[in-house]
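Take a look at the structure set out below.
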Amino acid sequence: MSSEALPISPARFAKALEDLSIGSLHSKVAELRNSIAHLEASNKELEHFARENDDRDCYEYLLENRQVIKSMEERIELVKREIVEVRGMPFEPQEVKTAPATQNGTATATQNGTSAGQAATNGGDASAAAVNGEEEEGVFL
């Protein structure tokens, strides 16, 4: 991503969510939460360094990261609105569990009681399709 590229607007982000599967929406939330956690950890280090060294640049980066975190939190709310208000589903996804049964000597992951292979063939999310070596087409946010 170039330094001149800007993130898509909240309106375009919300519009793009309409085309995603429920699994992809939950994956997007997990991705955003992970990014927020990393930025918050970086901010703690930046704040410590900026205070000890009176570093103005680090302080500016810290403020910039806070804006990015705010934007990511707003996107999580947009995904939540799509899942709950538009699709009428619960916001938090079911956890992926490892099945006790094995297939060819290896455990198979299940999602909502369906193996990853079954999920991919039944219109599952991109992560399930990736297990079978398939690629999902669509909008990647």
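The table that follows gives values for the structure above.
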read-out	value
Exclusive hit being within 15 Å of Glu82 (Cα to Cα), part of a helix (DSSP H, G or I), among the hydroxyl-bearing types (Ser, Thr, Tyr) and in the same structural domain as Met72 (by TED's automatic domain parsing), set Ser42, Ser24	Ser24
Yes/no for Lys70 being assigned to a helix (DSSP H, G or I), of a type outside the set (A, V, I, L, M, F, W, C), within 20 Å of Ala11 (Cβ to Cβ) and touching a Leu at 6+ places or on another chain (Cβ under 8 Å)	no
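The values are calculated or read from the model by the stated rules, or taken from the named source; none is laboratory data. Computed from a predicted model, the values in this text were never measured in an experiment. Don't worry about glycine lacking a Cβ; one is built from the backbone with ideal geometry, like all the others, and counts go over all protein chains shown.
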